[in-house]
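Comments concern the structure below.
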Amino acid sequence: MNPLAEMREDTAALSARISTDMAFADLTRRLRRPLMQFLLRRARSPMDAEEMVQDLFVRLLRRGDLFSLDNIDGYVFEAAANVARDRGRYDKSRGQGRHVDIDDLTPKSEEPGAEQILDGKQQLKRMLAALDALPPRARTVVILRRLENLTYPQIARRLGISVSAVEKHMVRAMAALRLDLIETKC
């Protein structure tokens, strides 16, 4: 074949392809909204309907002789019904609708659960036992500081000791509490 004839064939093929592409773009613009309405009646959500419309257009693109059909719109809606039926069968076989999405689950209450309550009670028992094991003056300093939120000078005045003595009692008590709590966890 001569180069000029090949060029004419390529040009004709390209022209036909462009014409088909433009016709398909026109078809999608014209039928997208009616197809969405049609598939929304058969879908569980707008996202599912949109996905089915996209699947349909992919199927239509694969059909080479689409624009040679007499009733393209009728064919497109029949194909849409088939897409919806296929989706329904697929969902049914996968048990769609019988599964609970864990993202939709919300806790019923912000109240702590039984495990958290039990753990908290055990921690409190360990802390009270550790406090009881402290010397009386150190225990008093910790209680005044941590539970009554008194400052070191206020504690010193209340107990009649120096601020330095309060600091030393607190350091020794905290070290003993830490050590006691570590040993009881192990």
(request) Mind counting the residues in segment 142-161 that are part of a helix (DSSP H, G or I), open to solvent by 50 Å² or more (accessible area, probe 1.4 Å) and not hydroxyl-bearing (Ser, Thr, Tyr)? (result) 8
(message) Residue pairs, Cβ under 7 Å, 6 or more apart or interchain, first in segment 157-186 and closer than 27 Å to Asp119 by Cα and hydroxyl-bearing (Ser, Thr, Tyr), second modelled with pLDDT under 90 and open to solvent by 60 Å² or more (accessible area, probe 1.4 Å). List them.
(response) Thr184/Arg126
(request) Determine which single condition Ile182 fails, assuming it passes every other condition in (1) surrounded by 11 or more Cβ atoms within 10 Å (Cβ to Cβ); (2) at pLDDT below 80. (result) (1)
(request) Inspect all residues belonging to segment 162-178 and state whether any of them is within 16 Å of Gln123 (Cα to Cα) and open to solvent by 70 Å² or more (accessible area, probe 1.4 Å). (result) yes
(request) Given the conditions (1) part of a helix (DSSP H, G or I); (2) over 24 Å from Phe24 (Cα atoms); (3) modelled with pLDDT of 90 or more, report the number of the one that Glu50 does not fulfil. (result) (2)
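The values are calculated or read from the model by the stated rules, or taken from the named source; none is laboratory data. Every value quoted in this text rests on a predicted model; they were computed, and no experiment measured them. Note that we place each Cβ from the backbone using ideal geometry, even for glycine, and neighbour counts take in every protein chain shown. Surface accessibility is based on the protein's heavy atoms, side chains included, excluding ligands, DNA and RNA. Shrake-Rupley method; radii C 1.70, N 1.55, O 1.52, S 1.80 Å.
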